[in-house]
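Taking it in order: structure first as structure tokens, then the write-up.
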Amino acid sequence: MSTRVEKYLAHLDALSGGVEPTFWPVKSTAPGHHGLTAIGYRDLPEPGLLLGLTYGLSLTAQPEWTQGRPELSILVRSDDPAWVLSIAHLAEALRHECPFGYGDTISFGEPIAEGSALDGFVVFAPLALDQDDARIDVGDDLPVVVGMYPTHAIERAFIKEQGLEAFWALEWDPYDVTRPPAV
């Protein structure tokens, strides 16, 4: 019988066509908790893009998580693993504080990666997965992959004031890690 993590990885393998990802362990900062894993796919779903996901956030329980438990994803035009590691570190650090629901904004506290001024995220539906593929049957506590979109501080303030829908309607490229603020 397959374990929970084996089922999760088998789902990712099926979606990636068997492309071998890179795995980065992220140690837990909380006693009694397991660490998380950052999973990165270079040149997926197309050349020049970096797809990253977490595994381990969904092992945590939060009262807000009634329809599934999140795992985070990111899809950017970069080959820098800092983007993948950033979402894994946020998942580990905020697993008991942030529900990672659509519209949640999160400050990273500094630029996420060298050469980029983006310093935080907004949570929304993942770019790389459709709704069915984002729900992963592991046999218990359904992991649901959510998208983490890199943002500037001024954009997160705009989202808090005007809402996610208003931000999403602006002209901006969600893959571009060197983009200027959309507002």
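Values as computed for the structure displayed
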{"quantity": "Region 42-67 - residue that is free of Cβ contacts under 8 Å to residues at least 60 places away in the same chain and farther than 25 Å from Gly101 by Cβ and, of those, surrounded by the fewest Cβ atoms within 10 Å (Cβ to Cβ)", "calculated": "Pro47"}
{"quantity": "Pro70 being under 14 Å from Pro126 (Cβ atoms), surrounded by fewer than 19 Cβ atoms within 10 Å (Cβ to Cβ) and touching a helix residue (DSSP H, G or I) at 6+ places or on another chain (Cβ under 9 Å)", "calculated": "no"}
{"quantity": "Single unsatisfied condition, Gly35 versus (1) of a type in the set (Gly, Ala, Ser); (2) within 18 Å of the chain's Cα centre (by Cα); (3) on the phi > 0 side of the Ramachandran plot", "calculated": "(3)"}
{"quantity": "Out of Arg179, Arg95, sole residue that is in contact with a helix residue (DSSP H, G or I) (Cβ under 7 Å, 6 or more places away or on another chain) and of a type in the set (Lys, Arg)", "calculated": "Arg95"}
{"quantity": "Every residue from region 126-144 that is under 17 Å from Leu51 (Cα atoms) and surrounded by fewer than 14 Cβ atoms within 10 Å (Cβ to Cβ)", "calculated": "Asp130, Gln131"}
{"quantity": "Single condition Arg95 does not satisfy, out of (1) among the charged types (D, E, K, R); (2) buried (at least 18 other Cβ atoms within 10 Å of the Cβ); (3) touching a strand residue (DSSP E or B) at 6+ places or on another chain (Cβ under 6 Å); (4) closer than 30 Å to Met1 by Cα", "calculated": "(3)"}
{"quantity": "Test for Asp79: is it farther than 28 Å from Thr3 by Cβ and surrounded by 16 or more Cβ atoms within 10 Å (Cβ to Cβ)", "calculated": "no"}
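Here's the yes/no breakdown for (1) within 25 Å of Ala14 (Cα to Cα); (2) at pLDDT 95 or above; (3) among the polar types (S, T, N, Q):
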{"position": "Gly103", "(1), (2), (3)": "no, yes, no"}
{"position": "Val138", "(1), (2), (3)": "yes, no, no"}
{"position": "Tyr149", "(1), (2), (3)": "yes, yes, no"}
{"position": "Phe158", "(1), (2), (3)": "no, yes, no"}
{"position": "Tyr175", "(1), (2), (3)": "yes, yes, no"}
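The values are calculated or read from the model by the stated rules, or taken from the named source; none is laboratory data. Just so it is clear, the model here is predicted, and its values are computed rather than measured. No Cβ is skipped: glycine too gets one built from the backbone with ideal geometry, and neighbour counts run over all protein chains shown.
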